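Working notes for the structure below.
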Amino acid sequence: MNTEGVATVGRTVRVLVVDDEELTRTGLRTLLSAKPDLTVVGEAADGSEVPALVAELRPDVVLMDVRMPLVNGIEATRRLRAASAEPPKVIVITTFENDEYVYDALEAGASGFIRKRAPAQQIAHAIRLVASGDSVLFPEAVARLTAGRPVRREAAARVAALTRREAEILQLMAEGLTNQQIAEVLTVSLETVKTHVGNVLTKLGAGNRTQAVILAFEAGLAPRG
């Protein structure tokens, strides 16, 4: 994840915190409550509680532990995406970047991941990023998660169908750049980048940027570490 600059959303971002450890939930609430543009609207101790709370509280972002005893973050993410055409963004929190559960959560539709012990500013920045439509990825960590996996022919075929510009956009996405940063690198407008990103997602059959990047790694387009 590129953490340079400050992501701005232009509104207060509503956050639901999900973790089976009360101490972690309390700590995250305290950290996020100190940010004027973020508000914690609720907490849950297990993924089984998430769909009902999302329907009631309408959070923009769910900050969710990937490992929980009953319904983990992977299954909870799947349920959210199945329940709504426009589910909230999900950031999974994990103790280890190379946690195999993280890869499964990203494939399930999470917009990214972050370590539990990450600095408060980094966690807040991640929430703002996904709320604005970007993703939270650490390219090196994703490369480790996909290392050793065979290149998927289906993924490679989809990537091969992209135009040269779309493939370039996907490569930059895989390197962790935000839409604004991609616009600056390519010297084009932000709206142009958003249009290209939308086309990439459609052609790849990806539900979000993160799934597109995972597919890129599986296709061998992005460096695999």
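Here is the figure for the range 150-175: residues that are modelled with pLDDT under 80 and within 13 Å of Ala212 (Cβ to Cβ) total 0. Among residues of the range 12-24 being crowded, with 17+ Cβ neighbours inside 10 Å and without any contact (Cβ under 8 Å) to a residue 60 or more places away in the chain, the one that is farthest from Met68 (Cα to Cα) is Arg14. Is it the case that Arg67 is touching a Ser or Thr at 6+ places or on another chain (Cβ under 9 Å), over 19 Å from Leu129 (Cβ atoms) and surrounded by fewer than 21 Cβ atoms within 10 Å (Cβ to Cβ)? Considered against the rule, which asks whether it is touching a Ser or Thr at 6+ places or on another chain (Cβ under 9 Å), over 19 Å from Leu129 (Cβ atoms) and surrounded by fewer than 21 Cβ atoms within 10 Å (Cβ to Cβ), Arg67 comes out as yes.
Taken over the range 131-149, the residue count meeting the criterion of being crowded, with 21+ Cβ neighbours inside 10 Å, touching a Lys or Arg at 6+ places or on another chain (Cβ under 8 Å) and modelled with pLDDT under 65 is 0. Among the residues of the range 17-60, those that are more than 20 Å from the chain's Cα centre (by Cα) and of a type in the set (Asp, Glu) comprise Asp20, Glu21, Glu22, Glu49, Glu56. On the basis of being touching a Leu at 6+ places or on another chain (Cβ under 8 Å), modelled with pLDDT of 90 or more and among the charged types (D, E, K, R), does Lys194 make the cut? No, not satisfied.
Any idea which residue in the range 168-225 is surrounded by the most Cβ atoms within 10 Å (Cβ to Cβ), counting only those that are outside any helix (DSSP H, G or I) and polar (S, T, N, Q)? Applying the filter and picking the extreme gives Thr178. Contact map, the range 25-53: first residue within 15 Å of Gly73 (Cα to Cα), second residue among the basic types (Lys, Arg), Cβ cut-off under 6 Å, separation 6 or more or different chains; pairs are Glu43/Arg25; Pro51/Arg79.
When we screen Arg128, Arg115 for residues that are charged (D, E, K, R), closer than 17 Å to Asp60 by Cα and modelled with pLDDT of 85 or more, the only hit is Arg128.
The values are calculated or read from the model by the stated rules, or taken from the named source; none is laboratory data. Since the model is a prediction, treat every value here as computed from it, not as a measurement. With ideal geometry, Cβ positions are generated from the backbone for all residues, glycine too; neighbour counts draw on all protein chains shown.
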